[in-house]
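The values are calculated or read from the model by the stated rules, or taken from the named source; none is laboratory data. Being a predicted model, the structure only gives us computed values, none of them experimental. For neighbour counting, all protein chains shown are included, and Cβ atoms are generated from backbone atoms with ideal geometry for every residue, glycine included. Heavy atoms of the whole protein, side chains included, go into the accessibility calculation; ligands, DNA and RNA do not. Shrake-Rupley method; radii C 1.70, N 1.55, O 1.52, S 1.80 Å.
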Amino acid sequence: MKKKNQTSHTNRYILIGLSVFCALMMVLSSFSDRAAGPFKALANITVIPLQQGINHIGGWMGDMKDNFATLQQLQDENDRLQEQVDALTTENNYLLEESFEYERLQELYELDQNYAEYEKTAAHVIGRDSGNWFNTFTIDKGSRDGIAVDMNVLAGSGLVGIVTEVGPTWSKVRSIIDDSTNVSGMVLSTSDTCIVKGDLSLMSSGQIAFDQMENNENTVAVGDQIVTSYISDKYLQGILIGSISEINVDSNNLTRSGYITPAVDFRNIQEVLVITTTKAELTGENETEEQ
């Protein structure tokens, strides 16, 4: 009897417990339904924007990573292209230099052919006196190469000057534009003689002066060529000095004077031809001072 009562109490406790659990679940269910709205509103205000911000930052960082990779690729490509540009620029400068050198050598070759009757040796200019003009300069050939004082020097299309000093491996040249130079010239078409005078002050206008030309019936005009004359005692005959740019009758009415455009660019001389025979050697005469 006692055992039966104990079993009855146990079943009652189980039933009560189940009832309490069900009631609690009902209350919680009801509470959850009421709280869902505020919780969702709070999430919309805080959690969702935060999550969107994190997603945006993540996307931005991904884009930055991609942009950085692209920028690095562009930088590498730019460096490669710059190297190509530098290489092409160097090659272009080299080709231009070769082209200019070819033109100069072609000019020198033509000059050599124009005066084929004279033996010549080529030389490079290695120095010059201060100033804008090549009135005196040094070349890289000397006595070891057969160069001697008073040898005529050519460049461009004609006469540059004359050798004034010689060392074993170098020589100094005084050009026809130097203030101390006088050259006996001659009009190629009429054989009228004149004196061509160096004058550096005239070179800014690209001219040199001449005077003491006889005022006779011979017609001498602008454009006529002036060459070294047969009466010159240091300059070989027939070397082109330049062409007349202006001619006037002097006040005495006996002589004419004017200006010559030289056959050589005296601002830029890099290579020359030296005629390896002097006027004195050709004529057998003693050297005398140029008049």
Among ALA209, ALA280, which is hydrophobic (A, V, I, L, M, F, W, C), farther than 30 Å from ASP145 by Cα and not in a loop (DSSP other than H, G, I, E, B)? ALA209
For GLY161, the lone unmet condition from (1) of a type outside the set (D, E, K, R); (2) part of a strand (DSSP E or B); (3) farther than 20 Å from LYS279 by Cα is (3)
Among the candidates LEU96, LEU111, LEU154, residue that is of a type outside the set (Phe, Trp, Tyr), open to solvent by less than 60 Å² (accessible area, probe 1.4 Å) and at pLDDT below 90: LEU111
Filtering the stretch 248-268 down to residues that are in a strand (DSSP E or B), of a type outside the set (S, T, N, Q) and open to solvent by 40 Å² or more (accessible area, probe 1.4 Å) yields VAL249, TYR259
What are the residues in the stretch 115-128 that are outside any loop (DSSP other than H, G, I, E, B) and either open to solvent by 20 Å² or more (accessible area, probe 1.4 Å) or of a type in the set (Ser, Thr, Tyr) (or both), if any? LYS120, THR121, ALA122, HIS124, VAL125, ILE126, GLY127, ARG128
Complete set of residues in the stretch 129-149 that are of a type in the set (D, E, K, R), buried (at least 17 other Cβ atoms within 10 Å of the Cβ) and out of contact with any His (no Cβ under 9 Å at 6 or more places or on another chain): ASP145
If you go through ASP129, ASP150, the only one that is on the phi > 0 side of the Ramachandran plot and touching a Ser or Thr at 6+ places or on another chain (Cβ under 7 Å) is ASP150
So VAL227 fits all but one of (1) open to solvent by 10 Å² or more (accessible area, probe 1.4 Å); (2) more than 16 Å from SER257 (Cβ to Cβ); (3) aliphatic (A, V, I, L, M); (4) out of contact with any helix residue (DSSP H, G or I) (no Cβ under 6 Å at 6 or more places or on another chain); what number is the exception? (1)
Being among the acidic types (Asp, Glu) and more than 30 Å from THR164 (Cβ to Cβ) is the filter here; which residues of the stretch 213-271 pass it? GLU214, GLU217, ASP250
Show the residue pairs that are 6+ apart or on different chains and have beta-carbon atoms under 9 Å apart, the first residue being within the stretch 193-210 and surrounded by fewer than 16 Cβ atoms within 10 Å (Cβ to Cβ), the second being of a type in the set (Ser, Thr, Tyr). LEU202/TYR259; SER205/TYR259; GLY206/SER245; GLY206/THR261
